[in-house]
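Following: one structure in structure tokens, then a few remarks.
Just so it is clear, none of the values below were taken in a lab; they were calculated from the coordinates. Source: prediction; values computed, not measured. Cβ atoms come from the backbone with ideal geometry, glycine included; neighbour counts cover every protein chain shown.
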Amino acid sequence: MTSIHQKLQILESLNLLDPTQAAKVQDYISNLMHKSPDEVTYQKFKRDAMNEIRQALGQTRKLNTTF
């Protein structure tokens, strides 16, 4: 399936929506596109933390236990 064909299918399905459903889809897409600054900061913090964890695991795969 080509991307042009997929886009046409999406457009056709959007044309079948009633006004209420179309508004919900529009709100959903708008929320995806316009994140609040706090959410963007949180996402960056989370991404940086995951990178640090990956680096730490890459350096030492064994857990050192001291009892």
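Scanning the stretch 1-45 for residues that are in a helix (DSSP H, G or I), more than 20 Å from the chain's Cα centre (by Cα), surrounded by 11 or more Cβ atoms within 10 Å (Cβ to Cβ) and not polar (S, T, N, Q) yields Leu8, Leu14, Ala22, Ala23.
Annotation note: Cβ proximity below 8 Å between a residue of the stretch 25-47 that is of a type in the set (Phe, Trp, Tyr) and a residue that is surrounded by 10 or more Cβ atoms within 10 Å (Cβ to Cβ) and not in a helix (DSSP H, G or I) (sequence gap 6+ or interchain) occurs for no pair.
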